[in-house]
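Input: a single structure, listed below in C-alpha cells.
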Amino acid sequence: MTIHVGSIAASSSLASRVQVVRSPGGVEALLLEDHALPLVSMAFGFRGGAALDEDGKAGTARMVGGLLCEGAGPYDDQAFQVALADRAIQLSFGIERDRLTGSLLTLASDLDQACGLLGTALREPRFAVPELERRRGVYAAELRRSLNQPGAVADTIFWERGFRGHAYGRPPGGTLSDLPAIDREAVVALHAALVTRTSLRIAVVGAVRPEDLAAALDEAFAGLPEGSAHSLPETALGGVGESITQFVESPQSSVFFGRPAIPMHDPDFPAAMVINHCLGGSPSASRLFAELREKRGLCYSVWTGFDVSEGVASLVGSTSTPNEHVGQSVELIGSEIGRLAQDGLDDDEIDAARRYLIGSHAVRLDTSAAITRLLLAMQFDGRSLSWLDERGPRLAAVTSQDITRATARLFGDGGLLVVSAGGAR
C-alpha cells in the first residue's frame, strides 16, 4: 500500500516541499508532507552495513537485519508480528554493502504506535537463539541453492576479485563457510556498532505534520546510543583486464563485467549517466541491447549501471546467454565499448538519452516509498536538497564536449574485469 504522489513529483520544485524536521531529542529527518491519503511512509538506514562484518563472519549484518523483526522487548517473535498486524503496520529491514536499511508504512493515526514498535525493535531486539538458528538454516539453504545458479556464482566471484582485500569483496549475504561462526555474541556486537544515532538517516513522506513527526521520531530513535561514525576506505574496482570462468552445470551462462567509473559528485557524472544509458542503461534501446539481442538473439537482456557504494564508483554490467555464445557475447561487449570510446555518441543519441533520464526519473517518483528511498539515498550520498531540482537541468546541459571528455575518463583503454559462470568451458 502506497501513497500516490505523482502531482508532487511533477511539481516545479520538489526541493521546496521537503522540510528538515528536528525532534526534541535531536533526531533529524527529511519530510515531504502530503495528506492525499491517511498514510505515512518512512525509510531509514544506518551507515556501515555488511562492510562491518568481521573477517570470517560474512553475513552477520544480514543476520542482524533478519532478526530485528523476530521479537523485541516484551514481545516474542509471534507477539511482535501480531502487534504489527493488528494495526496493519508494515516493517522490514534489508542489508546492503554500505548500509542497513529499513522501511515503515502505517496509517497516520497509528504513527506513534508504529514508531513505538520500531523503537523497541531497534533498542531491544531479543536475538533469541532459536530464531537465530532458524535463520541460519534458511540462509544456509539459500546459499547452497546459489552454488548451482550461474548468476549468483558470477556475481560473488566478480565482487570478490574486484575488491580483493576490501570489505566490499565479502558477500553481503554471507558464505556457507562463515555462517556457522555467526553466533549470538557476534550478532549482538554488530548490532551495537551498527544501530546508532551517528550513523542514522531518515526520510518520511505522508500525512503527518512536522510537530507530530518530531514526537514520533523520538519514540523510534531517540533512545539509540550515540555511537561513532563509520568511514569505509576509498577503493576502486580491480582486476581490469582479467577474464575468469567458473563452471556451473547449466545450459546458460551468466556474465558480469565492469571497470572503475566516475564518482557521483564529479562534475562529469551527468555526462557519464548519459553515456551509460546509451551503452546499456536503457532497457530496450541501448547499443548493447541492439548488438546482442536485436541483431543476433544472443540474450534476453543486457544491462549496465553504476555501483556507487560509499567510497567507490564502478560501471557494472551483466547478461545471460547460452553457453556456446559466451565468447561471442563477451567479444561484442568489449568491441562495443571500444567503438563508443573511439567514436563517442552522436547528437541524436545524446538528446534521446537526456530526455529519457529526465522524464523517467519523474515517472518513477509516483509513490511514497519511491520518494522516501530517494530522500534517504540523497542523505547517504551527501547530496543537498537542491539536487532534487538541479538533477534535470544538469542532465539537460550535458554537451557533446562533455560526452567526449567523460567517455575518455570512463573507458580509458576499454579494459574490463569479466566473470562468467555456467556450462561454457
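The values are calculated or read from the model by the stated rules, or taken from the named source; none is laboratory data. Since we're looking at a predicted model, the values are computed, not measured. Glycine gets a Cβ as well: all are built from the backbone with ideal geometry, and neighbour counts include every protein chain shown. Side chains included, ligands, DNA and RNA excluded: accessible areas come from the protein's heavy atoms. Shrake-Rupley method; radii C 1.70, N 1.55, O 1.52, S 1.80 Å.
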Measure nothing fancy, just the Cα-based angle from helix 129-146's long axis to the longest principal axis of the chain, in degrees from 0 to 90, nearest 10. 10 degrees
Given a cut-off of 27 Å, what percent of all Cα-Cα pairs of the range 46-175 lie beyond it? 27 percent
Excluding ligands and nucleic acids, what accessible area in Å² is computed for residue 394 using a 1.4 Å probe, to the nearest 10? 120 Å²
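Would you work out the relative contact order for the range 42-201, in percent, from Cα pairs under 8 angstrom that are 6 or more residues apart?
38 percent
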I'd like the accessible area for residue 35: 1.4 Å probe, protein heavy atoms, all chains in place, Å² to the nearest 10. 110 Å²
Per-residue accessible area for residue 69 at 1.4 Å probe radius, Å² rounded to 10? 20 Å²
Angle between the Cα long axis of helix 387-396 and the longest principal axis of the chain, 0 to 90 degrees, nearest 10? 10 degrees
Over the chain, with the other protein chains present, what is the accessible area per residue in square angstrom, probe 1.4 angstrom? 42 Å²
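Quantify, in whole percent, the carbon and sulfur part of the accessible surface of the range 92-150 (1.4 Å probe; protein heavy atoms only).
Carbon and sulfur: 51 percent of the exposed surface of the range 92-150.
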Given Cβ point charges of +1 (Lys, Arg) and -1 (Asp, Glu) and nothing else, what value in debye, to the nearest 20, does the dipole of the chain about its Cα centre take? 360 debye
Using the crude model of +1 on Lys and Arg Cβ and -1 on Asp and Glu Cβ, and no other charge, please compute the dipole size for the range 283-355 relative to its Cα centre, in debye to 20. 220 debye
Taking the chain as the reference, fit the longest principal axis to its C-alpha atoms, fit the long axis of helix 111-123 to the helix C-alpha atoms, and give the angle between the two in degrees, 0 to 90, nearest 10. 80 degrees
Name the residue from 73, 377, 236 whose Cα lies farthest towards the positive end of the charge dipole of the chain, charges +1 on Cβ of Lys and Arg and -1 on Cβ of Asp and Glu. 236
Between the range 37-93 and the range 313-369, the Cα center-to-center distance that results, in Å: 35 Å
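Could you check how much of the accessible area of the range 190-339 is carbon and sulfur, as a whole percent, using a 1.4 Å probe? It would help to have the intermediate numbers written out before the result.
Details: 3050 of 5950 Å².
The computed percentage sits at 51.
Compute the projected area of the convex hull of the Cα atoms of the range 282-346, averaged over all viewing directions, and report it in nm² to one decimal place.
5.3 nm²
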Taking amide H positions as placed 1.01 Å from N in the peptide plane, with prolines and chain starts having none, which residues 5 or more places from residue 303, or on another chain, fall under 5 Å of its amide H? 318
Quick one: 3J(HN,Hα) in Hz for the range 151-159, Karplus 6.51/-1.76/1.60 with θ = phi - 60°, rounded, Gly and Pro as x. x, 5, 5, 5, 4, 4, 5, 4, 6
Projected onto their principal axes, the Cα atoms of the range 168-315 stretch, largest extent first, over whole-Å spans of 59, 44, 29
Starting at the first residue of the range 234-247, write each ³J(HN,Hα) from the Karplus equation 6.51 cos²θ - 1.76 cosθ + 1.60 with θ = phi - 60°, in whole Hz, x for Gly and Pro. 5, 8, 8, 4, x, x, 4, x, 8, 10, 10, 10, 10, 6
Solvent-accessible area, 1.4 Å probe, carbon plus sulfur percent, for the range 13-56: 49 percent
Percent of alpha-carbon pairs separated by more than 32 Å within the chain: 43 percent
